1. Mind sorting GLU116, GLU92 by how few other Cβ atoms lie within 10 Å of their own Cβ, fewest first?
2. Assigning unit charges at the beta carbon (Lys, Arg +1; Asp, Glu -1) and nothing else, what dipole magnitude in debye, to the nearest 20, does region 7-126 show about its Cα centre?
3. Once semi-axes √(5λ) of the Cα gyration tensor in Å is worked out from the coordinates, which option in (i) 26, 18, 16; (ii) 19, 17, 15; (iii) 21, 17, 13 does it equal?
4. I need to check one value: relative contact order of the chain, counting alpha carbon pairs closer than 8 Å and at least 6 residues apart, in percent.
5. Please give the FRET efficiency for GLU120 paired with LYS48, using the beta carbon to beta carbon distance and R0 = 30 Å, rounded to the nearest 0.05.
6. Full extension from GLU87 to VAL16: what is 0.36 nm times the residue separation minus their Cα-Cα distance, to one decimal in nm?
7. Expressed as a whole number of Å, what is the distance separating the alpha-carbon centroids of region 40-82 and region 101-122?
8. What list of ³J(HN,Hα) couplings, whole Hz, do you get for region 83-100 from phi and the Karplus terms 6.51, -1.76, 1.60, once you set θ to phi - 60° and write x for glycine and proline?
Amino acid sequence: MTRDGARLVLVVEDDVSVRRPLVKFLEMHGFAVVTAETADEGLEALGKHRVVAAVVDLRLRRGSGRDVVVSTPADVPVIIFSGVPSESAELERLRARTRLIEKPYSLVLLVETLEEMLGEASQNLHA
């Protein structure tokens, strides 16, 4: 948790025209956001911040979002957004708590999926 209690989400996306509206939409829904444009920046952010979830594009200009997905702690939900669903199928099998949202994507669907995954996480903690 961040100091103000907001839920911190990592967004790894190198396309500013995708990243900017996504960040704004997440903030409108009560999330704090840390962003990364490369796989290395995403990995660095995971080391620095305790995130409640990650939204990761697999195809980045520098590095692969796959590295960020597999390095994210197992208890942290990950949403992969990609225009190539076959790339994420293996990751969804390898890593529990990983889901795909295909590009072009709906911001509403993305936030609803995120909330649902976070709800499942809190239910598991209290079970």
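Read-outs: derived from the displayed coordinates by stated rules, not from any lab. Bear in mind the structure is a predicted one, so any value in this text is a computation, not a measurement. FYI the Cβ positions are ideal-geometry reconstructions off the backbone, even for glycines, and counts take in every protein chain you see.
1. GLU116, GLU92
2. 100 debye
3. Structure-derived value, by its label: (ii).
4. 21 percent
5. My answer for the efficiency is 0.70.
6. 23.4 nm is the gain from fully extending GLU87 to VAL16.
7. Measuring centre to centre over Cα atoms gives 15 Å.
8. Coupling constants for region 83-100: x, 10, x, 4, 5, 8, 4, 4, 5, 5, 6, 6, 10, 4, 6, 10, 9, 9 Hz.
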